[in-house]
Amino acid sequence: MDAQRVDMFIMTKAKYFEGHQIPVIRDRLLAMDDSHFLQIQTLNLKDPTTILIVSLVAGSFAVDRFMVGDTGLGIAKLLTCGGLGIWAIVDWFIIMGRAREVNAEQFFNSVALRPT
Amino acid sequence: MKSNIRIYWILAILSVAGYAWIGFHLLSNGVAETPLTVCLVKNATCIPCPSCGITRSLLLLISGNIQGAMLMNPLGCVVAFAMLIIPVWILSDVVTRKDTLARSFLWTENKIKTRKAIYIPLVALALLNWGWNILKEL
């Protein structure tokens, strides 16, 4: 893929991924065919800031965990009143990282399905 | 593999914390004037959360009052079932060096996430139960 396009993607989507994943993502995109750019561009990535706000407001109801796709842990968190309130507070600090991790998983799964 | 180990650790910690919490309540029974509430929602808004009453439901179950436990919060029976099954399942997986619990966990998670016929009734039940909790003023 065209380097300029890839850099534009990286600039606009950098906040959705961990910093250390960016070089790998860039390499993958560079090796990819141009025709898949639209599919990658329209991936349903979770905004870590939105998830953090949800976690702050409705963390005890585990809405943040359900949003990032951790349904099993979400049910556990919901049944334990947000892990007796402790898990809810811990999640304020780790949920953004988890959202970025889930985004990266989604990106790499989507890339793996396409021939380069 | 890494995420599988994570699932085991989280479930083990939750089970231990659950037993410790119930043990604490059994030991301190009658000592405290008012029961200890750590629920953020209830403390902040005075409205019970969907899982308020589970501790009381479990304590009723332990004392043999199944009907009282169901009336307090039906989710208590679900939690009791999970607390009985999960530690045994973790131990059997560790001993036999298999990952049946993690695979079942991920399979169930995937079914709940992707099947509308499963997650819509579950959400509806959880909301109904929450409404009942608020009406009961737990």
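Return yes or no: is A:Val57 assigned to a helix (DSSP H, G or I), within 14 Å of chain B (Cβ to nearest Cβ) and crowded, with 18+ Cβ neighbours inside 10 Å? Please lay out each step first, then the result.
Details: assigned to a helix (DSSP H, G or I): yes; within 14 Å of chain B (Cβ to nearest Cβ): yes; crowded, with 18+ Cβ neighbours inside 10 Å: no.
Considered against the rule, which asks whether it is assigned to a helix (DSSP H, G or I), within 14 Å of chain B (Cβ to nearest Cβ) and crowded, with 18+ Cβ neighbours inside 10 Å, A:Val57 comes out as no.
In this structure, B:Asn29 qualifies as loosely packed, with under 13 Cβ neighbours inside 10 Å, polar (S, T, N, Q), over 17 Å from the mean Cα position of the chain (by Cα) and at pLDDT below 85. Among the candidates A:Gln39, A:Gln21, the residue that is exposed (fewer than 14 other Cβ atoms within 10 Å of the Cβ), away from chain B (no Cβ under 14 Å) and of a type outside the set (Gly, Ala, Ser) is uniquely A:Gln39. Only one of the numbered conditions (1) among the aliphatic types (A, V, I, L, M); (2) within 14 Å of another protein chain (Cβ to nearest Cβ); (3) over 15 Å from A:Gly72 (Cα atoms) is not met by B:Ala124, and that is (2).
Given B:Ala102, B:Ala80, which one is within 14 Å of another protein chain (Cβ to nearest Cβ), surrounded by 18 or more Cβ atoms within 10 Å (Cβ to Cβ) and at pLDDT 90 or above?
Details: B:Ala102 fails: at pLDDT 90 or above.
Only one candidate qualifies: B:Ala80.
The values are calculated or read from the model by the stated rules, or taken from the named source; none is laboratory data. All values derive from a computational prediction rather than experimental measurement. Here Cβ is always computed from backbone atoms with ideal geometry, including for glycine, and neighbour counts include all displayed protein chains.
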